[in-house]
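Undergrad: My structure is below; once you've seen it, I'll send some questions.
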Amino acid sequence: MSHNFKSGDLALTLRSGFGFPAMTTVKLDAFLRNGETAQEPDGRLWTPKFDGWAVYREDEDGAGFFRPEHLMPLRGDFTHEQQKAMEAV
């Protein structure tokens, strides 16, 4: 299933990581590819080892980095494409 995430979208974490428990609501900040360098809020440079989204919680401090498949969008139609096709028959 393709999520077509955009910066600013809300999502749920499907796995825990970076101090975020699974099922935490996060806001997507920027998509980074493996090997790209980003600057953390404290000025340190960070390079991800896989493609993914830098995320944060609006109501708390803290940021994380998750693979797209470890995030579930909180907008749009969440029904799997196969299920939609079965309903149309």
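The values are calculated or read from the model by the stated rules, or taken from the named source; none is laboratory data. Just so it is clear, the structure is predicted and the values come from calculations on it, not from any experiment. Methodologically, a virtual Cβ is constructed for each residue, glycine included, from the backbone with ideal geometry; neighbour enumeration extends over all protein chains shown. SASA here: full protein model, heavy atoms, side chains in, ligands and nucleic acids out. Shrake-Rupley method; radii C 1.70, N 1.55, O 1.52, S 1.80 Å.
Undergrad: Taking region 15-67 only, how many residues are among the hydrophobic types (A, V, I, L, M, F, W, C), in contact with a strand residue (DSSP E or B) (Cβ under 7 Å, 6 or more places away or on another chain), open to solvent by less than 70 Å² (accessible area, probe 1.4 Å) and in a loop (DSSP other than H, G, I, E, B)?
TA: Looking only at that region, the number is 1.
Undergrad: For region 1-14, enumerate the residues that are small (Gly, Ala, Ser) and in a strand (DSSP E or B).
TA: Ala11
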